[in-house]
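Chemist: A single structure is presented below for examination.
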Amino acid sequence: MNPLQVGLVFLLAGTLLLSGCSSEPPIDDLLEQGRAAIKAEDWTEVRRLKNVLADRENADVETQFLEANLYMNVLNYQKVMERVGTIAGDKRIREDCMLLAVHCFTAVQDMPSAMRTLEELVMEFPDNVDAHRLLIAHYYDFGALQRAMQHCERVSELAPKDPRPDRLMGLISKDFEKHELAITHYLESLRRAPNDPEFDQQNEIRVELAEVYIRMRKYQDAKQQLQELSEDTPLRLNAMANAYLAECAMALGDFGEAESRIQLAIQQDATLPNGHTVLGILSMQTGKPEEARNALERAAELDPSNDRVFFQLSNVLRQLGETALAEQALARHEEIKTLKLEYIELNVRAAQQTDDDGIRVQIAQIAEKLGDLEAAISWYSGALGINPENKTARERLIQLTK
C-alpha cells in the first residue's frame, strides 16, 4: 500500500469514528423513551426528552406530544387540547392523544364529548383496555347497565387475569335477578382474584353470591360461600353473612341455629334491614306474631323499598286482626312492585338511549319514591353528565346532597 492509500484509509477511519461519536438517537427512539417516562411518571425525564426533541429537525409532532403530557400532569387542559388537536392525526400517537382528550373532556364535565371520543377510540382501537374500562365506569354511572356489561365482557377477554369485570357483571346480573348469570360471573371473579394482590373484594363477592344462592334455594351452596369468608371480614359484612346463614338454617328446619345466627347478626349491626326481616319471618314460623310484627316494622323503617318486607308484614298484621293496617302494608307492597317493574323497564330504555337525560331523571324520581337516595343521586348525576342544563336534575341533586 503506497503512502497515499495509507493516508486515505486513516482519513476514512477518522471520519467514521467522528461520525459514530456524534450520531444522535433516532427521533422514534426518543419518542418511545418519552412514553416510558410518562408511564413511570418521571416528569423530569419527560421534560428533558422534550427539550432534546425540540432541538431536532422534523420532530414537532413528538415534541408537542410530550408537551401535551407535561401539561396534563399539571392539569392545564386547554394547552393539552391545543397540542392534541394538532398532532392527533399521527398514527403513532393517535391512540394516546384520544385518551388525553377523553381525560380533558371528563375534567371539564363535557361528558357527551368524552363518551363520543371513547366510542371512536374503541372503534379504531378495539383492544384498548383502558378505553373499555372508562366506558364501563361512565355507562354504569349513567345507568346504561347493558352497555356497561358489553364493555365488561370485552375487558374480561382482554385482561383474563383481572377479577373486576366479572365482579361487576355479577353484581349487575344479581340486581336484575339473572341468577345463573350472576353465579357464573361471581365464580369467575373469585377464580381470578388470587392473580391480583390489590383486589380485596372476595368477601363481598361471597356474601352477594350467597344471596343469589338463597334466592335459588341452594342453601348448601350459600353456606359454603359464607363459611369461606376471611377472618378480617368487616363487621357489617359479617352481620349480613350471619343473617343469610340464619335464613339457610331456617329453610333447612334448624330453628335453633337460625335463632342464634340472627341474634348475632342484629348484635353485630342493629341497622341491618335483612337481619330484622329474617327475625320477623323466623318469629312468624315459631308462633311469635307480636315479635314478628316488631321486627318487620323495624325492617320496613330501615328498608322502605323492600316489597317482600311489606308482604310479610301484611300477613302478620292480618294474623293479629289488624285488617286495615294489613291492607295498607299490602298496598305498599303492590306499589313497590309496580315501581320496580317500571324502574327495570326504564333501565332497559336507558341502555338503548345513552344520550337521553330525561329517562335518567324519570329513573331517579322512581329511586326517590323507593327510598334509594344513593341511586337517585347517581341517576340525576348521569342526567347532568348528558345535559348540564337539565334543571330538574340539578335542583334535585342539590336537595339530595345538602
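Bear in mind that the values in this text are calculations on the coordinates, not laboratory data. Everything numeric in this text was worked out from a predicted model, so none of it was measured. Backbone-built Cβ (ideal geometry, glycine too); neighbour counts: all protein chains shown.
Chemist: For the range 75-120, how big is the tail of P(r) above 17 Å, as a whole percent of Cα pairs?
Modeler: 26
Chemist: Under unit Cβ charges (Lys, Arg +1; Asp, Glu -1), what dipole magnitude, rounded to 20 debye, does the range 207-305 have relative to its Cα centre?
Modeler: 260
Chemist: Hey, another quick one. Set Lys and Arg Cβ to +1 and Asp and Glu Cβ to -1, take the dipole of the range 341-402 about its Cα centre, and tell me which of Ile398, Leu370, Ala351 lies farthest positive.
Modeler: It is Ile398, whose Cα lies furthest towards the positive end.
Chemist: Now for a different question. Just in the range 134-188: which trypsin sites (Lys or Arg not before Pro) are loop by DSSP and have at most 16 other Cβ atoms within 10 Å?
Modeler: In loop regions of the range 134-188 (DSSP not H, G, I, E or B), the sparsely surrounded trypsin sites (Lys or Arg not before Pro) are Lys161, Lys178.
Chemist: Compute the separation of the alpha-carbon centres of the range 325-402 and the range 58-124 and state it in Å as a whole number.
Modeler: After rounding, the separation between the Cα centres reads 34 Å.
Chemist: Right, next: Between (1) 24.5; (2) 18.2; (3) 28.3, which entry matches mean projected area of the Cα convex hull in nm² as derived from the coordinates of this structure?
Modeler: From the options (1) 24.5; (2) 18.2; (3) 28.3, the structure gives (3).
Chemist: Let me ask something else. Quickly estimate the mean residue ellipticity at 222 nm for the chain, helices only: each DSSP H run with n ≥ 4 gives -39500 (n - 2.57), and the total goes over all residues, rounded to 500.
Modeler: -25000 deg cm²/dmol
Chemist: So for the range 200-241, averaging the separation of alpha carbon pairs under 8 Å that are six or more residues apart and normalising by length, what relative contact order in percent results?
Modeler: Value for the range 200-241: 45 percent.
Chemist: Follow-up question, since we're still on this one. So which helices of the chain fit the span-like rule, where a helix is a whole DSSP H run, its Cα atoms reach 30 Å or more along the axis, and its mean Kyte-Doolittle is at least -1.0?
Modeler: Membrane-span-like by this rule: 323-352.
Chemist: Turning to a different aspect of this structure: Using only alpha carbon pairs under 8 Å that are at least six residues apart, calculate the relative contact order of the chain and give it in whole percent.
Modeler: Working: 489 pairs, mean separation 35.6, N = 402.
Normalised by residue count, the contact order of the chain is 9 percent.
Chemist: If you don't mind, there's one more thing I want to ask. Counting other Cβ atoms within 10 Å, keep those with at most 12, restrict to DSSP loop, and tell me which trypsin sites (Lys or Arg not before Pro) in the range 23-97 are left.
Modeler: Numbers: sites: Arg35, Lys39, Arg47, Arg48, Lys50, Arg56, Lys79, Arg83, Lys91, Arg92, Arg94; in loops: Arg56, Lys91, Arg92.
Qualifying residues, ordered by number: Lys91.
Chemist: Here's something else I'd like to know. Would you mind counting up the charge near Arg94? Only other residues with Cβ under 11 Å from its Cβ, with Lys and Arg at +1 and Asp and Glu at -1.
Modeler: Value of the local net charge: -3.
Chemist: How about the range 219-325: which GluC sites (Glu not before Pro) there are in a DSSP loop, with at most 14 other Cβ atoms within 10 Å of their Cβ?
Modeler: Glu228, Glu231
Chemist: Pick from Asn73, Asn203, Asn128: which is most flexible by mean-square fluctuation in a GNM of the chain where alpha carbon atoms under 10 Å apart are linked?
Modeler: Of Asn73, Asn203, Asn128, the Gaussian network model singles out Asn73 as fluctuating most.
Chemist: Once you have the Kirkwood Rh of the range 71-165 from its Cα pairs, apply Stokes-Einstein at 37 °C and 0.692 mPa s and quote D in µm²/s. Mind dumping the intermediate values first?
Modeler: Working: Rh = 13.9 Å.
The Stokes-Einstein estimate is 237 µm²/s.
Chemist: Right, next: To the nearest 20 Debye, how big is the dipole of the chain about its Cα centre, given +1 on the beta carbon of each Lys and Arg and -1 on that of each Asp and Glu?
Modeler: The calculated dipole for the chain is roughly 380 debye.
Chemist: Cα to Cα, under 22 Å, and not fewer than 8 places away if on the same chain: which lysines meet these conditions relative to Lys178?
Modeler: Lys218, Lys223, Lys337, Lys340
Chemist: Okay, moving on. Please state the relative contact order of the range 76-165 as a whole percent: Cα pairs under 8 Å, 6+ residues apart?
Modeler: Rounded, it is 17 percent for the range 76-165.
Chemist: Under a Cβ-Cβ cut-off of 14 Å, what is the net charge of the residues other than Pro165 that fall near it, where Lys and Arg count +1 and Asp and Glu count -1?
Modeler: +1
Chemist: Between the alpha-carbon centers of the range 252-273 and the range 176-200, tell me the distance in whole angstrom.
Modeler: Here the two parts' Cα centres lie 27 Å apart.
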